[in-house]
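A.B. asks: The structure under discussion is supplied below as structure tokens; questions concerning it will follow.
FYI, it's all coordinate maths here, none of it is from the lab. Keep in mind that what you see is a predicted model, and the values were worked out from it rather than measured. Virtual Cβ from ideal backbone geometry, glycine too; neighbours counted across all protein chains shown.
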Amino acid sequence: MVRFSQPFSSSEAVVYFFQGIDINHKHDRKVRRTSPKSEDPYLRILAKLYKFLARRTGEKFNNIIMRRLFMSRRFRAPLSIARISRILKKKSNSNKIVLAALKVTRSARARILKAGGEVITLDQLALRAPRGENTLLLQGPRKAREAQKHFGPAPGVPHSHTKPYVRSKGRKFERARGRRASRGYKA
């Protein structure tokens with residue numbers, strides 16, 4: 001920006017230069033989902049509902065559910081009844097549970113109902129507990145995928161428990177140096 005203190009006709013014009021900083025905005029994008037990628041209309045309606053609840057209630061509970069509804073199936077790991085009961089055993093001694101989930105298998109539903117529990121949908125949960133009162137949020141183990149076992153420091157590196165991509169588990173496959181004392185050393 002250039003500013004003149006007096007008109008051009010004056011012999012002594014004072015010029016001010018305000019120099020801006022050229023900031024690189026190349027990496028400004030916030031990488032996160034703001035809606036589900038799925039085209040499932042029921043999931044999209046649920047996401048819309050919890051987006052509204054998260055905004056209007058300001059509760060962390062609704063915000064977490066909203067974020068999880070946006071997630072890909074890779075991060076929505078299944079959760080077994082055994083794991084649920086193990087976690088709930090620490091919280092209470094009752095077998096009756098009210099479970100709200102996107103999907104419940106037929107056998108799991110039967111077991112919960114037989115124990116005197118209840119299985120509800122997430123929109124029913126929104127009506128019962130719009131602020132998430134008296135609820136416990138659980139999720140399946142995200143890192144339990146087979147692919148996840150191959151991630152980490154390279155197999156063979158000291159203290160690495162990364163699973164190697166190997167075509168067979170036989171004697172001749174990744175069983176030599178570092179694996180047996182008779183072949184140089186055993187790590």
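A.B. asks: Rounded to the nearest 500 deg cm²/dmol, what is the calculated helix-only ellipticity per residue at 222 nm for the chain, with -39500 (n - 2.57) per DSSP H run of length n ≥ 4?
C.D. replies: -9000 deg cm²/dmol
A.B. asks: What ranking do Glu146, Glu118, Glu59 get, fewest neighbouring Cβ atoms within 10 angstrom at the top?
C.D. replies: If I rank by nearby Cβ atoms, fewest first, I get Glu146, Glu118, Glu59.
A.B. asks: Roughly what % of DSSP beta bridges within the chain run antiparallel, to the nearest 5?
C.D. replies: 50 percent
A.B. asks: Can you find, among Gly184, Gly140, Asn63, the residue sitting farthest towards the positive end of the charge dipole of the stretch 59-187, where Lys and Arg contribute +1 and Asp and Glu -1 at Cβ?
C.D. replies: Gly184
A.B. asks: How do Thr121, Thr34 rank when sorted from fewest to most other Cβ atoms within 10 Å of their own Cβ?
C.D. replies: With the fewest neighbours first, Thr121, Thr34 line up as Thr34, Thr121.
A.B. asks: Can you tell me which lysines have their Cα less than 30 Å from the Cα of Lys169? Leave out same-chain residues fewer than eight positions away.
C.D. replies: Partners within reach: Lys143, Lys149, Lys186.
A.B. asks: Nearest 20 debye, what's the magnitude of the dipole of the chain about its Cα centre given +1 on Lys and Arg Cβ and -1 on Asp and Glu Cβ?
C.D. replies: 1920 debye
A.B. asks: What shape does the stretch 146-187 take by its C-alpha gyration tensor, where a ≥ b ≥ c are the square roots of the eigenvalues and a/c under 1.5 counts as rounded, a/b above b/c as prolate, and the rest as oblate?
C.D. replies: Verdict is oblate for the stretch 146-187.
A.B. asks: Continuing with this model, one more query. Eight or more residues apart or on different chains, and alpha-carbon atoms under 22 Å: count the Lys pairs in the stretch 12-80 matching that.
C.D. replies: Close lysine pairs under the 22 Å cut-off: 7.
A.B. asks: What are the residues whose amide H is under 5 Å from the amide H of Val119, where those residues sit 5 or more places off or on another chain and H is modelled from the backbone?
C.D. replies: For Val119, whose amide H was placed from the backbone, the distant partners under 5 Å are Leu99.
A.B. asks: Order these peptides, 47-58, 128-139, by their mean beta-carbon neighbour count within 10 angstrom, highest first.
C.D. replies: 47-58, 128-139
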